[in-house]
Amino acid sequence: MAREFTSVGVVGLGTMGAGIVEVFARNGIDVTAVEISAAAVERGRATLTGSTDRAVAKGKLAEADRDALLARVDWQVGLDALHSVDLVIEAVPEHLDLKQRIFAELDRVCKPEAILATNTSSLSVTEISVATTRPNQVIGIHFFNPAPVMKLVEVVRTVVTSADVVADVEALCERLGKVDVTISDRAGFIANALLFGYLNHAVSMFESRYATREDIDAAMKLGCGLPMGPLALMDLIGLDTAYEILDTMYRRGGRDRRHAPVPLIKQMVTAGLLGRKSGRGFYTYERPGSPVVVPDEHTPVTTGAALADGARAIAKVGIVGSGTMATGIIEVFAKAGYEVISVTRGAEKSAKVCEAVKTSLNKGVVRGKLSETDRDAALGRVTWSATLDHLADVDLVVEAVVEELSVKKALFASLDEICKPGVVLATTTSSLPVIDVAMATQRPADVIGLHFFNPAPIMPLVEIVQTIRTSAETSATARAVCAALGKTGVVCGDRSGFIVNALLFPYLNDAVKMLEASYSTADDIDYAMKLGCGYPMGPFELLDVVGLDVSLAIQRELYLELREPGFAPAPLLEHLVTAGYLGRKSGRGFRDHTKR
Ligand SMILES: NC(=O)c1ccc[n+]([C@@H]2O[C@H](COP(=O)([O-])OP(=O)(O)OC[C@H]3O[C@@H](n4cnc5c(N)ncnc54)[C@H](O)[C@@H]3O)[C@@H](O)[C@H]2O)c1
């Protein structure tokens with residue numbers, strides 16, 4: 001029989017603590033909520049009232065239930081109020097000495113059988129536990145932000161945590177409606193160990209002006225379906241907390257440079273830009289604690305007129321290639337009203353592409369997303385050709401041929417001879433340097449990357465890749481075209497992986513390394529990222545969909561270009577590829593797909 005918890009204590013009522021109070025009180029458990037001062041108690045109480053009022057306004061909580069929930073909370077200053085609770089969860093700032101002091105004090109104040117839990121994200125639960133005389137009753141209960149919303153709890157047992165305590169806490173998590181994964185005491189546990197390298201990398205992209213904050217965030221939301229971009233997430237976590245977590249992970253996790261906090265984070269913390277809680281971080285918020293972003297001096301002007309500023313007029317577009325991407329891109333341009341010339345390497349290929357475009361447009365008609373008239377008009381806008389000479393008077397060429405540099409370079413050299421002056425020449429490459437392609441022409445200023453995502457008619461994102469030779473006019477034209485296509489164009493530099501792949505694949509690779517180290521299972525790691533961070537798929541699900549060979553190739557490129565030791569492909573990934581386990585397409589990857 002699991003222990004019944006009727007009263008708990010929460011210490012520290014900041015970003016996490018206030019949310020944790022809500023989780024317990026919502027589930028009928030009395031909470032003693034403790035802070036260091038009356039003012040801090042009031043802030044915590046205001047967070048809870050605000051959150052529950054919003055739930056009532058949205059119809060998610062009845063008024064009577066809200067009142068009952070609030071009545072379950074006893075607000076107090078100082079730890080002495082915790083003398084009779086069954087369990088305490090500590091959520092004070094991420095400093096080992098502070099947590100150790102609090103645990104020593106809790107050990108003195110709390111009844112002998114009480115369980116003492118920490119919500120630390122990265123510190124050693126073991127080191128915290130030894131500040132007490134009952135380390136076997138100390139455990140990590142790591143909630144995710146926002147605690148009332150995120151389903152995951154990481155339960156962290158140390159080598160001395162007693163099995164009863166682990167079982168009692170697992171049962172408690174279930175009662176709270178949470179899904180728990182129980183793991184041992186390692187820096188960052190599952191989710192943060194996979195998340196923070198990615199967040200830090202995103203900050204370094206912003207710091208080096210590789211892309212704007214809006215573009216980095218839009219890229220990860222629209223390209224990977226994440227609930228929020230990395231910089232908006234840093235603001236939600238709190239930059240001071242994120243700094244401490246990174247710093248601890250760097251020191252505890254083998255001094256991986258990717259966890260060494262990017263200098264900008266420390267500067268922002270020192271300047272009081274802590275994120276949502278202080279009203280300003282990477283973004284500016286309506287007021288401290290508010291989730292509403294308001295425009296500031298860095299907010300881009302996104303009106304149509306401003307976008308078109310300096311852009312060349314584009315009416316006629318040539319699309320070269322006959323694969324999945326070319327087919328999708330033809331559809332996208334034709335639907336948006338452009339006159340399209342599709343060029344393939346032969347009439348047979350053209351017929352196939354034409355059929356594929358028709359099939360896709362027909363699907364749109366069947367689903368009620370496109371009228372028959374619009375479908376016919378879109379098809380009527382496309383001319384099918386097998387010779388590049390027909391591109392002499394187009395305004396824009398989008399190349400989507402095989403991902404081989406020599407082929408692309410030869411094609412661009414031909415386009416340079418055939419196309420009229422002033423045409424924008426775009427490549428859809430996802431991994432080759434755009435500058436290599438640009439230098440195959442006499443007009444590198446007119447060359448740019450337009451990295452569409454698959455399937456192009458559905459995915460809303462296009463990465464606009466500027467080389468060091470791309471002109472402002474070409475870039476403005478690319479942005480205007482993306483807007484006219486109804487896509488979100490994000491502008492970035494010409495580096496391996498652009499924004500999305502550079503941020504996504506090292507995280508996937510880290511997940512493979514974590515599995516390889518036997519820290520956790522593929523299922524638990526997938527759960528952790530989905531339920532703790534709101535990812536649409538876990539890393540192993542995604543790797544199996546993308547293909548392990550494709551993922552390995554991208555990771556190798558990133559490693560070769562950036563020479564970051566932490567980017568070295570996981571040996572397990574290499575072995576699986578060598579063994580022919582490529583993911584869904586081969587029937588087996590991290591999981592066996594033949595049995596499902
Ligand atoms: N922010 C996140 O997204 C997140 C997610 C999961 C876990 N965590 C972890 O939760 C813990 C708290 O982080 P946070 O982001 O809520 O921090 P925070 O800075 O928002 O809040 C910490 C609160 O603790 C209070 N406090 C400080 N000393 C205290 C004391 N002696 N007694 C009582 N209260 C005290 C502070 O007044 C403050 O209100 C950290 O260990 C952090 O790593 C954070």
Here is a list: 41, 56, 31, 8. Which entry is among the β-branched types (Val, Ile, Thr), closer than 29 Å to residue 240 by Cα and either part of a helix (DSSP H, G or I) or within 9 Å of the ligand (Cβ to nearest atom) (or both)?
41
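For residues in the range 88-128 being assigned to a loop (DSSP other than H, G, I, E, B) and closer than 18 Å to residue 78 by Cα, which is farthest from the ligand (Cβ to nearest atom)?
We begin by selecting, within the range 88-128, every residue assigned to a loop (DSSP other than H, G, I, E, B); these are 91-95, 110-114, 119-124.
Filter once more, keeping what is closer than 18 Å to residue 78 by Cα: 91-93, 110-111, 114.
Numbers: 91: 4, 92: 4, 93: 5, 110: 14, 111: 19, 114: 17 Å.
Selected residue: 111.
Which of the strands (runs of 3 or more DSSP E) found entirely inside the range 337-441 contain at least 1 residues meeting this: over 37 Å from the mean Cα position of the chain (by Cα)? First the steps, then the outcome.
Values: elements: 339-343, 382-385, 396-399, 424-427.
By residue number, 382-385.
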With criteria (1) loosely packed, with under 14 Cβ neighbours inside 10 Å; (2) free of Cβ contacts under 8 Å to residues at least 40 places away in the same chain, residue 357 comes up short on (1)
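Could you grab me the full set of residues in the range 1-54 that are of a type in the set (Phe, Trp, Tyr) and farther than 18 Å from residue 116 by Cα? Walk me through it before giving the result.
Taking the range 1-54 first, the residues of a type in the set (Phe, Trp, Tyr) are 5, 24.
Listed by number, the list is empty, since nothing qualifies.
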Per the filter on the range 508-533, residues surrounded by fewer than 19 Cβ atoms within 10 Å (Cβ to Cβ) and assigned to a loop (DSSP other than H, G, I, E, B) are 517, 518, 519, 521
I'd like the full set of residues that are of a type in the set (D, E, K, R) and within 11 Å of the ligand (Cβ to nearest atom), limited to the range 72-87.
none
Just checking, which of 253, 223 is at pLDDT 95 or above, away from the ligand (no atom under 14 Å from the Cβ), at negative phi and of a type in the set (Gly, Ala, Ser)?
223
Condition (residue is more than 25 Å from residue 211 (Cβ to Cβ) and charged (D, E, K, R)) applied to the range 417-440: is it met by at least one residue?
yes
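Residues to consider are 3, 26; find the one that is closer than 26 Å to residue 104 by Cα, more than 14 Å from the ligand (Cβ to nearest atom) and in contact (Cβ under 8 Å) with a residue 12 or more places away in the chain.
Working: 26 fails: closer than 26 Å to residue 104 by Cα.
Going through 3, 26 in turn, the sole match is 3.
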Scan the range 59-87 residue by residue and report those that are in a loop (DSSP other than H, G, I, E, B) and not small (Gly, Ala, Ser).
60, 61, 72, 83, 85, 86
First in the range 369-382 and touching a residue at least 60 places away in the same chain (Cβ under 8 Å), second anywhere and crowded, with 17+ Cβ neighbours inside 10 Å, Cβ under 6 Å, 6 or more apart
none
Here are the criteria: (1) under 20 Å from residue 509 (Cβ atoms); (2) surrounded by fewer than 17 Cβ atoms within 10 Å (Cβ to Cβ); (3) among the small types (Gly, Ala, Ser). Tell me which single one residue 162 does not satisfy.
(1)
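Return the residues of the range 105-158 that are of a type in the set (D, E, K, R) and surrounded by fewer than 23 Cβ atoms within 10 Å (Cβ to Cβ); say none if nothing qualifies. So that I can check it myself, show each step before the final result.
In the first step, residues of the range 105-158 are kept if they are of a type in the set (D, E, K, R); the result is 105, 107-108, 111, 113, 127, 134, 151, 154, 157.
Correct list: 105, 107, 108, 111, 113, 127, 134, 151, 157.
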Of the conditions (1) in contact with an Asp or Glu (Cβ under 9 Å, 6 or more places away or on another chain); (2) closer than 30 Å to residue 43 by Cα; (3) surrounded by fewer than 22 Cβ atoms within 10 Å (Cβ to Cβ); (4) at pLDDT 95 or above, residue 282 satisfies every one except a single condition; which number is it?
(3)
Anything in the range 416-452 that is touching a helix residue (DSSP H, G or I) at 6+ places or on another chain (Cβ under 8 Å) and over 30 Å from residue 556 (Cα atoms)? List them, or say none.
418, 419, 422, 423, 424, 442, 443
I need every pair where a residue in the range 118-144 that is more than 18 Å from residue 247 (Cβ to Cβ) has its Cβ under 8 Å from the Cβ of a residue that is within 10 Å of the ligand (Cβ to nearest atom) and among the small types (Gly, Ala, Ser), sequence separation at least 6 or different chains.
143/19; 144/191; 144/532
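Just to be sure I understand, how many residues within the range 1-20 are more than 14 Å from residue 173 (Cα to Cα) and crowded, with 21+ Cβ neighbours inside 10 Å?
Restricting attention to the range 1-20, the residues satisfying the condition of being more than 14 Å from residue 173 (Cα to Cα) are 1, 7, 9-19.
Then keep just the ones that are crowded, with 21+ Cβ neighbours inside 10 Å; that gives 9-13, 15-19.
Residues flagged as more than 14 Å from residue 173 (Cα to Cα) and crowded, with 21+ Cβ neighbours inside 10 Å within the range 1-20 amount to 10.
The values are calculated or read from the model by the stated rules, or taken from the named source; none is laboratory data. Treat the numbers as computed from the prediction; the structure is a model and nothing was measured. Because the Cβ atoms are built from the backbone with ideal geometry, glycine has one as well, and the counts that use them run over all protein chains shown.
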